[in-house]
Amino acid sequence: MSQAPRLRDFPGGHIHMIGIGGSSMSGLARMLLDKGFSVSGSDRDDSYHARDAMTAGAAVSIGHRAENVHGADLVAYTAAIPKDNPELLEARRLGIPCIERGELLGQLMDGASPAIAVCGAHGKTTTTAMLAQILMACGKDPSIHIGERLDALGGSTRVGKGGGFLAEACEFNRSFLHMRPTLAVVLNIDADHLDCYRDIDEIQETFGQFLELLPPDGTAVGKGTDPRIMQLFARLGRRTVTFGLTDVCDWHPANYREDDRGYAAFTAMMGEKAMGEVQLRIPGAFNAENALAALAAAHEAGCGQEEAAKVASSFTGVHRRFEKTDTLNGAEIFHDYGHNPAEMRNAVSIARRRCKGRLIAVMQPHTFSRVKALFDDYLTCTGLADVTLVTDICAAREKDPGDINSGMLVDGMRNHGLEAVLTPTFDDAERWLRDYLQPGDLALTMGCGDINRLNDQIHRHEVEAGRAAN
């Protein structure tokens with residue numbers, strides 16, 4: 001890792017954040033403000049995350065302009081910001097020190113005890129959020145950084161006084177290699193972010209580098225039925241603890257069952273010892289695994305297991321994770337952050353169990369590189385839905401290469417027997433939903449881009465219609 005500027009060299013200084021509307025960056029802005037820094041920031045679009053940062057005290061500009069960095073002592077930026085961003089170019093022209101988001105988070109976390117980092121291709125926000133609530137309920141008072149808003153925190157971050165730090169650790173652009181964890185949680189290793197990695201083997205190798213950041217007395221918690229994690233654990237040379245749905249794992253469920261909506265209940269076991277009864281309020285077997293990971297990490301952090309199981313049972317999730325946002329024509333409207341085929345498949349399976357009528361999946365594919373790399377998987381991941389609407393690809397940090405588009409996905413889905421409809425814009429998708437949704441149906445929007453704006457748009461129009469009717 002290249003040598004980054006140190007926060008401690010800018011006490012009370014002015015930090016400008018490019019991409020402050022990102023879920024992580026807005027949370028970091030709140031942390032920096034709490035530590036006495038002056039914070040400004042910019043983003044391409046307005047968003048609730050940008051407004052959260054503004055409410056906390058940051059000066060936020062919509063749109064990237066070179067003059068936004070003038071007067072800054074330090075510039076922080078996300079890995080998603082292109083190298084030709086005018087603010088980044090101006091900061092470097094002026095000689096203003098620049099730091100990437102992952103490096104900034106790593107410095108805020110450095111020296112904490114315990115320093116807990118939760119990583120994995122899927123489930124890290126949910127697991128980190130559940131673990132955060134457990135730690136707080138058990139009196140640990142940690143600083144916390146999560147990738148999405150959690151109502152229990154009033155945002156995505158918290159500055160604690162207990163000396164510990166809990167953070168969601170993302171593998172995109174290898175940013176988690178800037179962390180210095182003493183307790184690492186690895187949920188799974190899967191093919192994603194193939195714009196930054198050659199293949200799944202390189203992803204596994206990078207997760208191995210992350211685990212090697214643990215001190216000699218550190219501990220790694222990982223999914224015991226993930227062969228790639230177990231390969232890394234076999235040569236790690238640190239204490240390891242496993243979790244999973246089978247009793248080959250250290251932490252596993254006994255008397256596991258699910259109700260008709262997919263909500264799991266079980267006795268959490270550590271080896272042969274019962275550690276508490278869990279009745280989840282978030283659906284899916286994968287969330288039972290996430291809960292076991294959180295309970296295992298909480299135990300390593302010294303939490304009482306009766307209280308930990310109680311908190312896990314009361315946890316209702318974070319925003320943008322199978323979150324009900326509205327009712328339209330008597331149909332439920334949900335949103336989920338899932339953006340690669342594995343996550344979308346999981347979200348659709350949960351929706352299928354809940355849905356009493358037709359299930360409509362609304363997919364916003366995310367980044368051209370991801371769609372190209374996982375193209376075949378996208379074609380069948382919504383197979384349990386009755387209809388799949390596909391919006392234009394969210395470019396995010398990328399430029400359109402001209403050789404991939406959502407129409408190609410729709411054609412491929414139809415060739416696999418799916419009923420798929422191209423709805424390029426959010427207006428197109430809303431129009432289709434208003435025309436065809438019926439009582440008992442369920443519509444699920446999916447993506448990590450801005451498709452949540454479709455849910456916001458539907459809600460706004462429903463409120464306006466209600467006012468007009470009155």
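Return only the number of the condition from (1) touching a residue at least 12 places away in the same chain (Cβ under 8 Å); (2) out of contact with any Pro (no Cβ under 6 Å at 6 or more places or on another chain) that residue 468 does not satisfy. The single condition residue 468 does not satisfy is (1).
Looking at region 416-435, is at least one residue at positive phi and crowded, with 22+ Cβ neighbours inside 10 Å? Taking every residue of region 416-435 in turn, none turns out to be at positive phi and crowded, with 22+ Cβ neighbours inside 10 Å. Of all residue pairs spaced 6 or more apart or on separate chains, those with beta-carbon atoms under 7 Å, a first member in region 373-385 that is closer than 13 Å to residue 419 by Cβ and a second member that is open to solvent by 20 Å² or more (accessible area, probe 1.4 Å) and at pLDDT below 95 are 384/349; 384/352. The set of residues in region 152-186 being touching a residue at least 60 places away in the same chain (Cβ under 8 Å) and either of a type in the set (Phe, Trp, Tyr) or closer than 13 Å to residue 31 by Cα (or both) consists of 155, 156, 157, 159, 167, 172, 176. In region 458-470, the count of residues that are open to solvent by 40 Å² or more (accessible area, probe 1.4 Å) and within 22 Å of residue 350 (Cβ to Cβ) is one or more. The criterion of at least 3 residues that are at pLDDT below 95 and crowded, with 17+ Cβ neighbours inside 10 Å is met by the following strands (runs of 3 or more DSSP E) wholly inside region 146-230: 155-158.
Within the set 387, 410, 371, the sole residue that is open to solvent by less than 30 Å² (accessible area, probe 1.4 Å) and within 24 Å of residue 461 (Cβ to Cβ) turns out to be 387.
From the list 93, 51, 30, the lone residue that is of a type in the set (Lys, Arg) and buried (at least 21 other Cβ atoms within 10 Å of the Cβ) is 30.
Condition check for residue 318 on (1) at pLDDT 90 or above; (2) open to solvent by less than 50 Å² (accessible area, probe 1.4 Å); (3) closer than 30 Å to residue 140 by Cα: one failure, at (1).
So which residues in region 252-267 are at pLDDT below 90 and open to solvent by 60 Å² or more (accessible area, probe 1.4 Å)? Spell out the reasoning first.
Filtering region 252-267 for residues at pLDDT below 90 gives 260-262.
Selection gives 260, 261.
Checked against the criteria, residue 66 counts as in contact with an Asp or Glu (Cβ under 7 Å, 6 or more places away or on another chain) and either on the phi > 0 side of the Ramachandran plot or modelled with pLDDT of 95 or more (or both).
Could you pull out the residue among 310, 324 that is open to solvent by 10 Å² or more (accessible area, probe 1.4 Å), of a type in the set (Lys, Arg), over 27 Å from residue 374 (Cα atoms) and not in a helix (DSSP H, G or I)?
Numbers: 310 fails: not in a helix (DSSP H, G or I).
324 is the lone residue from the list that is open to solvent by 10 Å² or more (accessible area, probe 1.4 Å), of a type in the set (Lys, Arg), over 27 Å from residue 374 (Cα atoms) and not in a helix (DSSP H, G or I).
Within region 284-304, the only residue that satisfies the criterion of being closer than 12 Å to residue 251 by Cβ, out of contact with any Phe, Trp or Tyr (no Cβ under 9 Å at 6 or more places or on another chain) and open to solvent by 20 Å² or more (accessible area, probe 1.4 Å) is 300. Criterion applied to 111, 71, 21, 102 was being within 26 Å of residue 141 (Cα to Cα), assigned to a loop (DSSP other than H, G, I, E, B) and either without any contact (Cβ under 8 Å) to a residue 24 or more places away in the chain or of a type in the set (Gly, Ala, Ser) (or both), and the one residue passing it is 111.
Screening the candidates 55, 127 for the property of being farther than 30 Å from residue 305 by Cα and in a helix (DSSP H, G or I) yields one hit, 55.
The values are calculated or read from the model by the stated rules, or taken from the named source; none is laboratory data. As the structure is a prediction and not an experimental result, all values here were calculated from the model. Every residue, glycine among them, receives a Cβ derived from its backbone with ideal geometry; neighbour counts consider all protein chains shown. Each accessible area value is taken on the protein alone, full model and side chains, heavy atoms only, with ligands, DNA and RNA left out. Shrake-Rupley method; radii C 1.70, N 1.55, O 1.52, S 1.80 Å.
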